[in-house]
Every structure is written in structure tokens, then in C-alpha cells.
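What follows is calculated from the coordinates using simple rules that are stated; it is not laboratory data. As the structure is a prediction and not an experimental result, all values here were calculated from the model. Please note: Cβ atoms are built from the backbone with ideal geometry, for glycine as well, and neighbour counts cover all protein chains shown.
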Amino acid sequence: MSGHTVATHLVASLAEHGVRKVFGVPSESFTTLMEALRAEPALTFVTARHEGGAAFMAEAHAAASDGVGVVLGGRAVGAANLSIGVHTARENSTPLLVLVGQMNSRHRGREGFQETDVAAFLGPVAKHAVEESDPRRVPDAVDRALQLALRGRRGPVVLSLPEDVFDHPADAAPARPATVTRPEPSAADAAALRALLSRAERPVVIAGAGVKQAGAEANLVAFSEAWQIPVVAAWRRHDVFPNDHPRYAGHLQMGTHPELVATVREADLVLALGARLNEITTQGYTAPDRRQRVVQVDVEPGQLGKTYPLVLGVHADALHTLRALGAPSAPRDPAWADQRRAAYLRVTTVEPAEHPDRVDNRQIVRALRAGLPDDAIVTNDAGNFAGWLHTFFRFPLARTYVGAASGAMGYALPAAIGAKLAEPDRTVVSVSGDGGFLMTVQELETAVRLRLSLVALVFNNNMYGSIRMHQERAYPGRVIGSDLGNPDLVGLARAFGAFGARVTADADFPAVLRTALDQPGPAVIEIVTDPEQISVWSTLTQLREGTT
């Protein structure tokens, strides 16, 4: 390894781990590392317009490619900007290597330029964070960081490296991928879970990220068919189970329809399979309630029983668990599963209609699904507009959804860029509200520069809709801070060099979507929506009158 430096070792280690894209904003703190990236043909540096956008891109690229995402930021400012992506990767359980170029070691402790303790700053939102200032130990730190990002519950690992370590000699071989073993259920746990399932009359599976990361989607389908169990998707895990399958019973989101929540509340056994049972999935920790029997299966032992008392906690990988359970010993009655599927169809089916004078968001979502190939990747932002997507859009295939369980605004557009770079031959669509879109709209330049053919839908009601909804519920008619003034979004898209179009009637949307999908570069479709229709199930007037 003669002639190699810490920087070239780091770059070679990334290449060995299958990394092909590194995202970030250039910084003087890692110019030596940038030079090593330039010289490595296997890697491409993707320049973003903000570290927060770069971190979202890296996280989504990892989610779409099932690899490790890598993002670079410089010192305190860059680290602060990308922290939102670190938090999102933690919430999404996405493997992300966060490399921060720290100030020169000899200036530490004297309030040097942009000095901060990066590990202490990002540690609370990361899976692990460390600073390594000894160049001899950096190769081991890189190896450990990559392994930690992938082992157990995946997540973001922060490695802060002072700028003066990068050009030091490094004699170690590049870090190579290690075999990541996934825990298997013990024979006793498998037998106990089989017994619980066999006795249950109304079981339900809440399927989470652990199913997706184990590659167990097909196994879950076979399990649900054999055991006649309805499956609901945890918060923003839409594609964990094919939505058109007879055993799919809905998605647990903000504002889940009561008919879908009833599938959990009426169950006599809840199997949380790779799902964290967080606040949103459980509807504020009310579904299931604490009297219901809950079984949790997770690769992270610290998750077991974290939010609910359990009748059984299984420290195991979802794929191994499903294989160990096999088929039931006797045929099972499908009536319960059929009933819950019927409830799902009843509240999420949209009959075709066209309105030449207004936008009905349900029709936009229906037409969007009809206008996209089954394997299209959809990313979405946070906001009330997402309720229509979460409720009415159907994901027939695995690995077709990339979303932020953190609820971060501004995620969708940079996430679409990351996903498109991971899957260049697939259709990619981002879905945002006007509030979230304008938080990271500068990344539209990134998409134009990279000539990425993707479509960004923007539901525009000139407000922070979810905040307005909460205001109107608590203080009807008394509004502060949630009204927005927006630029001409079509003109803005064109100023960036993207295609832009505006839809003011849902009847026009299918044709506009077809045109946008045919563009050689990015396209923005502004969808002008009625502020009165504040959410899927209520209007502003109803909130003010207290009738919802």
C-alpha cells in the first residue's frame, strides 16, 4: 500500500463497499479527500446546493439501492446543515456514512474557525459518532464506521476527520465488506410464536422497515397467505407488502381512517414484524392498546418492549423468523382477513371522475397511479397533502417508495434525485406541498445539471397545511404563521431550466403528467389546490365548527 494516504485509503474503502455516489457540498476542510475522489474512477462526487439536500440525497440513494449512503460536510456549518439528513437516516434505519471535515488539529480548543465538537453535536441523532485525529487509526475507524452502519438496526454513523489527517500515509488495505450476520429466532421463540398464532382468531401483522431491510417481502406474502393474516404497513413503509394483495389491510399514518385503525384495535394478537411501534404507527400509542397481546420481532434487542409490554419478544431478523414459522398445521379461516381487506377497499377506493373546474386531490392520486409504471419510485415530503397519497395511492411492488419516517419537510425533491441516481432506468416522482418544496427547491438546479429525468409534483395551497390544521383545531379562526406567499412555481421551474406546468383542474392532470414524464430532464407540475380542503377527511369550516 506504499504511496497511499488516509484520503486514498478512505476512497478505496468506499469503492470496496460498492459506493458509487458521494454527495455533499465542497469544503476547504476536505480538499485532499476531494482530490482522492476525483482520481477514483469508481466514484462520482455529486455536488448539492445545500448540505441538508445532500444528506437527503445520500439517504434516499441508500434506500433505493439497498447500499450505504455517503455524505460529506465541512466543519460546524456543514455538519449543522446536514444534521437533518442524519436524523432522517436514524428514523428510517438507513445505513449512512457521514464524513465531516474537521478543522486542523493544532487549532482545536482555541475557538478556531467554525470549531465545534462534531461527535457531541451529531451523536444524539446518529447511531454512532466519533472523531479520529490520529491518522494511524483512521483506517480502523473507517472500517468500523461502515460495519456499524450496516449491522443490527442500520443507521447513520458520523466520522469526523481533521483536515490535517487526510494526506498522512496509510499502509492499511482498504476496508472490505464484512459478512453481516442476521440473528435467527431460537427454536423456543419460534415454537412460542407459532403457538400464539395458532390460537389467535383475529391476528394482524404490522410490517415495518425490518421486513424491507431483510429482503423478506415475498416471504411475508407467503406467510400471510398460509396463515390467513391481514398485513398493515407501518408509518411510511407502504411498499412492504403489495397493496393489491387480498391480505393487505392498509397503512398506519397520520389521520388513518378509523376503519383501518380498527384492524389493529380489534385484533387479538398483534405481530410487530420489524416495526418500531412508534407514535404515528400506533396512533399515539392507542392502537394497539396496552391490554392487547403484542409480539415484537426485531434485529435490535433494545426495541423489544420499548413502547409496549409484550407477550413475546423475539430478537431476530424478519426473514429468518418467517422461514422458521413456516405454514400452519391446519387450514385457517380467512373470514377475519377478508373482512379487513374489505374495510380497506371501502375507504381507499377512488371512483374515476373528472372535474374541469377544480382539483380533487383524490382524482390526482388516482390518475398518478394510472399514469405510472408499477415499478416507478415515489418519494414524498411531509405535510397534509401527503394524506391523499398515503390513503389512495397503491404500491403493487416492493422497493417503490422512499419516504422520511422523520417527517422532515424538504425531503421529497432531493430524495428523488438520490433515488434516480440509484435507479436511472426507473421512473421517479416526488410529491410535495408548497411549503416543503420551497425548503429545498435549490436542488432543482442539481437535477437540471445532472440531466435527471424526474417529475416533481407540488400541491400548492399557499400554507403550511398540517400546522394550519392543528391551529384550527385548537384555536378556530385564529391563525398565525401558517399562511404563505409563493412565487410563480412554473416560472421558477423554468428559470432553473426545468419543465414547468400548472394544473388547476384534475381533468387536465393526466395529459400534463404524460408530457412531464416525456421530458429529457426534470419537470415540475404545480397542482393548485383548495385551501378549504385542509385534509383528506375534513375542511377548514368543519374544523372551525368542531364537526370533525
* To do: Please go through segment 412-472 and write out the chymotrypsin sites (Phe, Trp or Tyr not before Pro) that DSSP classes as loop and that have at most 10 other C-beta atoms within 10 Å.
  => none
* Structure fact -> Taking the chain and counting helices only, DSSP H stretches of n ≥ 4 at -39,500 (n - 2.57) each over all residues, the nearest-500 ellipticity at 222 nm comes to -10500 deg cm²/dmol
* Phi-based couplings in Hz for segment 436-449 (Karplus 6.51, -1.76, 1.60; Gly and Pro marked x) -> x, 4, 6, 6, 10, 4, 4, 6, 4, 4, 4, 5, 5, 4
* To do: Using Cα positions and a limit of under 17 Å, work out the aspartates and glutamates in reach of K420, with same-chain residues fewer than 8 apart set aside.
  => E59, D66, D374, D375, D381, E443, E445, D518
* May I ask you to evaluate 6.51 cos²θ - 1.76 cosθ + 1.60, the Karplus curve with θ = phi - 60°, for each residue of segment 368-380 and list the ³J(HN,Hα) values in order in whole Hz, giving x for glycine and proline? => 4, 4, 5, x, 10, x, 4, 8, 4, 9, 10, 10, 9
* To do: Identify the GluC sites (Glu not before Pro) of segment 447-548 meeting these criteria: DSSP loop state and at most 15 other C-beta atoms within 10 Å of the C-beta.
  => E532
* So what's the Cα pair-distance distribution over segment 58-137, bin width 10 Å, in %? -> 18, 48, 26, 7, 0
* **Extent along principal axes [Cα atoms of segment 187-346; Å; largest to smallest]** => 40, 34, 30
* Among all the lysines, which ones have a C-alpha under 27 Å from K306's C-alpha, if same-chain residues fewer than 8 places away are not counted? -> K127, K212
* Asked: By counting other Cβ atoms within 10 Å of each Cβ, how are F496, F45 ranked from fewest to most?
  -> F45, F496
* Global size of segment 6-165 as Cα Rg and Dmax, reported in angstrom -> 13.8, 42
* To do: For segment 127-201, state which GluC sites (Glu not before Pro) are in a DSSP loop and have at most 12 other beta carbons lying within 10 Å of their beta carbon.
  => E201
* Packing-based exposure ordering (other Cβ within 10 Å, fewest first) of H390, H50 -> H50, H390
* Taking the chain on its own, what percent of its Cα-Cα pair distances exceed 32 Å? -> 47 percent
* If we count every other residue with Cβ under 14 angstrom of T307's Cβ, Lys/Arg +1 and Asp/Glu -1, where does the sum land? -> -1
* Amide H to amide H under 5 Å from I377: which residues, 5+ apart in sequence or cross-chain, H placed 1.01 Å off N in plane? -> T427, V428, V429
* Asked: segment 375-451 to segment 472-548: how many Å between their Cα centroids?
  -> 15 Å
* Compute the longest continuous run of the chain that contains no exposed trypsin sites (Lys or Arg not before Pro); treat a site as exposed when its DSSP state is not H, G, I, E or B and it has at most 10 other Cβ atoms within 10 Å. => 111-289
